[in-house]
Amino acid sequence: MRNINAEYRILVSEILNNGKPKNDRTGVGTLSKFGYTIEHNMSLGFPLLNIKKVSFKAAKVELMWILQGRTDLKYLEDNGVKYWRPDYERSGRTDETLGPVYGKQWRDFNGVDQLKNLVTNISTNPNCRRLIISAWAPHEMNEMVLPPCHYAFQVYINNGVIDLMWLQRSADVFLGLPYDITMYGLLLEMLAKGAGLIPGQLIGQLGDCHLYNNHLEQSEVYLKRSKRALPFLHLHQGIYMYSELGKLQNKVYIPKANEIELIKYNPYPAIKAELSVGK
């Protein structure tokens, strides 16, 4: 069975050894590889990398922000997530939002609540091959601070097991990808819990996978560390549909922060690396 610690290590090593030099919008430069699949079997533990410390809180906050359909910086920064601020300031926006990014598209894609449709269909039509959410909205791309890096996901249900595959056009492998893995792992757990299913495979289909030139030394440090056992997750509630008394339309229940419990996370210390921001 495939384990995210091993999968991530192989990807980092592959880019360091075989990646091709490529310029990018930040001006930093990268080693890049195009087209890569990573997988993790959720029975082996929760996919929060522990060869370096990754902030579970940050990944959780950003997922909750998306699930609620929010695009504002205030929610993120009030909860300690501040890495979006440089891209916001670069963009020239003045409304303290990131534009119609992830949450807007998940909850209001031209008037369609994709999350509500997904959660409903998981329960009522689990064999459907259209259990998909997309954040790729070309008609609103110019209004976004940054077009979505992870732009769609699909779930697959069979024999009481739910798998999730996400699609990502651009993966900052050292800094950003560990959070993306954690976020989609948490989403898979939430969907499974809410529908009474078993979380199965987490799959990432990655386009441009890159290590920035100022992350190469840190990546070498990462590869020298030995593996550790993954943590586990306990959810008191999942994502599900519920009805409010006196109201006709059902609503999506989104777990609260105190209903999500991370167990036995024992990471190595964080490896500091500079965030690369576009010009």
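Please say if the range 43-126 is rounded, prolate or oblate, where rounded means a/c under 1.5 for a ≥ b ≥ c the square roots of the C-alpha gyration tensor eigenvalues, and otherwise the choice is prolate for a/b larger than b/c and oblate otherwise?
The shape class here is oblate.
Based solely on its DSSP helices, what 222 nm [θ] is calculated for the chain when runs of n ≥ 4 H residues each add -39,500 (n - 2.57) and the sum is averaged over all residues, nearest 500 deg cm²/dmol?
Only helices count here, giving -9000 deg cm²/dmol.
List every residue whose amide H lies under 5 Å from the amide H of Leu131, counting only residues 5 or more places away in sequence or on a different chain, with H placed 1.01 Å from N in the peptide plane.
Val155
Quick one: Ser91, Ser219, Ser276, fewest Cβ neighbours within 10 Å first, how do they rank?
Taking fewest neighbouring Cβ atoms as first place, the list is Ser91, Ser219, Ser276.
A 21 angstrom limit on the alpha carbon distance is what I want to check against. Which of Lys52/Lys272; Lys53/Lys74; Lys20/Lys60; Lys104/Lys193; Lys116/Lys247 exceed it?
Violating the 21 Å limit, Cα to Cα: Lys53/Lys74; Lys20/Lys60; Lys104/Lys193.
Rounded, prolate or oblate for the range 201-279? Axes are the square roots of the Cα gyration tensor eigenvalues, ordered a ≥ b ≥ c, and the cut-off for rounded is a/c under 1.5.
Prolate, since a/c reaches 1.5 and a/b exceeds b/c.
If you rank Cys149, Cys128 by fewest surrounding Cβ atoms within 10 Å, what's the result?
Cys128, Cys149
Sort out for me the Cα centre separation of the range 74-95 from the range 223-239, rounded to whole Å.
Between the Cα centre of the range 74-95 and that of the range 223-239, the gap is 28 Å.
Using only the Cα atoms of the chain, each taken as one equal point scatterer with no solvent, compute I(q) by the Debye sum, divide by I(0), and report log10 of the ratio at q = 0.16 Å⁻¹.
Normalising to I(0) and taking log10 leaves -1.40.
Values in this text are rule-based calculations from the coordinates and carry no lab data. Please read all numbers here as calculations on a predicted model, not as lab measurements. A quick note on method: Cβ atoms are made from the backbone with ideal geometry, for glycine too, and the neighbour counts reach across all protein chains shown.
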